[in-house]
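The values are calculated or read from the model by the stated rules, or taken from the named source; none is laboratory data. Just so you know, these numbers come straight off a predicted model, no measurement behind them. When we count neighbours, we look across all protein chains shown, and the Cβ atoms used for this are built from the backbone with ideal geometry, even at glycine. For the accessible areas, the whole protein counts, side chains as well, though only heavy atoms, and no ligand, DNA or RNA atoms are used. Shrake-Rupley method; radii C 1.70, N 1.55, O 1.52, S 1.80 Å.
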Amino acid sequence: MELEEYYPTACERWILTHHARDIADLFVGEPFNLIDLGSGDGSKTNVLLSELTARKHDFTYIPIDISEAAVQDQTKQLRADFPELEVRGIVAEYFNGLMWHSQFANKRNLVLFLGSNVGNFRRSEARTFMRTMWNFLQPGDLVLTGFDLKKNIDVMMGAYNDSLGITKQFNMNLLHRINKELGGNFDISKWRHYATYDLFSGAMESYLVSRVAQDVEVHAINQVFHFDPFEPIHTEYSYKFLESDIISLAEDTGFVIEQQYYDDRRYFLDSLWRVEKRIGL
Ligand SMILES: C[S@@+](CC[C@H](N)C(=O)[O-])C[C@H]1O[C@@H](n2cnc3c(N)ncnc32)[C@H](O)[C@@H]1O
């Protein structure tokens, strides 16, 4: 995330740094919940938390992440960095966390869905996801979603094929983890990382490609998998967006766009949506 070539993190940090005031202005004098879906290490969210706490906003920060270690580490760090902050971390899948929270929510919510996590869904899945989120929220609630925009293909390719090979290691790590946690016997040297941009789907796609004919055993499921030379394992989608895609996604799922926050290079967009619920919607 800190790599120069992996631009999304720097872009979104730029956006939050330059618009933290505008976002804080949305809740002047009104208590609210700040929900962080897939909060991770929360390093970019800290930019917002600094602004909100400095201005003495009355809010509860609710990070939701499926990774227990992520929630624990972040909560510990927040206690040290923002001792006054009320934090209620939830270790859960996105919607289980939202459902749990919605039972007690008696204030307006601002939901953060940062890091272009939405881009990991296929386009139809992204619609279902945003509509499900809408179902859990009340009219007037806000959602700030990070979208990685379509741009110079070389820039996108560079982010997934960086010169230090970090993204390659990130992808290969799947095989290490299958070996370690599921008793697999993948020989890493027989695989290569391959990431490419698909013009038709508009997504960066990551693969692990078998270099040779090979059999791999995974003890946990007692199964052997045969791979032909050049056979791929598809590991990730990262869909890229046009502003028009984002507008139709909001409209189709019951939201109204309140603000579009771009970074200075217009590589990335944090789009602020308001939940609207009218009869018939
Ligand atoms: C790419 S990181 C983004 C972290 C942070 N929001 C940011 O923008 O820097 C994605 C995070 O989402 C979490 N995550 C992925 N799928 C999830 C799910 N279905 N439910 C809850 N958390 C999930 C991961 O554990 C990870 O911490």
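Okay, residues lined up against (1) acidic (Asp, Glu); (2) assigned to a strand (DSSP E or B); (3) not assigned by TED's automatic domain parsing to the domain that holds Glu12:
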| site | (1), (2), (3) |
| --- | --- |
| Ser206 | no, yes, yes |
| Asp215 | yes, yes, yes |
| His234 | no, yes, yes |
| Glu251 | yes, no, no |
| Ile257 | no, yes, no |
| Ser271 | no, yes, no |
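Of all residues being away from the ligand (no atom under 13 Å from the Cβ) and either open to solvent by 60 Å² or more (accessible area, probe 1.4 Å) or not hydrophobic (A, V, I, L, M, F, W, C) (or both) in region 1-13, which is farthest from Ala54 (Cα to Cα)? Just the residue, please.
Per the criteria, the residue is Glu5.
Look at Val218 and say whether it is aliphatic (A, V, I, L, M), open to solvent by 30 Å² or more (accessible area, probe 1.4 Å) and over 14 Å from Thr145 (Cα atoms).
no
So which residues in region 127-149 are surrounded by fewer than 17 Cβ atoms within 10 Å (Cβ to Cβ) and of a type outside the set (Gly, Ala, Ser), if there are any at all?
Passing the criteria: Arg127, Thr128, Arg131, Thr132, Asn135, Gln138, Pro139.
Show the residue pairs meeting these rules: Cβ distance below 7 Å; 6+ apart or different chains; first residue within region 176-201 and under 22 Å from Ala159 (Cβ atoms); second residue open to solvent by 50 Å² or more (accessible area, probe 1.4 Å) and in a helix (DSSP H, G or I).
Here the result reads His193/Lys168; Tyr197/Ile153; Tyr197/Met157, each pair linking region 176-201 to a residue that is open to solvent by 50 Å² or more (accessible area, probe 1.4 Å) and in a helix (DSSP H, G or I).
If Ser39 satisfies all but one of (1) touching a helix residue (DSSP H, G or I) at 6+ places or on another chain (Cβ under 7 Å); (2) modelled with pLDDT of 95 or more; (3) surrounded by fewer than 19 Cβ atoms within 10 Å (Cβ to Cβ); (4) part of a loop (DSSP other than H, G, I, E, B), what's the number of the condition it fails?
(3)
Return the residues of region 76-114 that are small (Gly, Ala, Ser) and open to solvent by 30 Å² or more (accessible area, probe 1.4 Å); say none if nothing qualifies.
Selection gives Ala80, Gly89, Ser102, Ala105.
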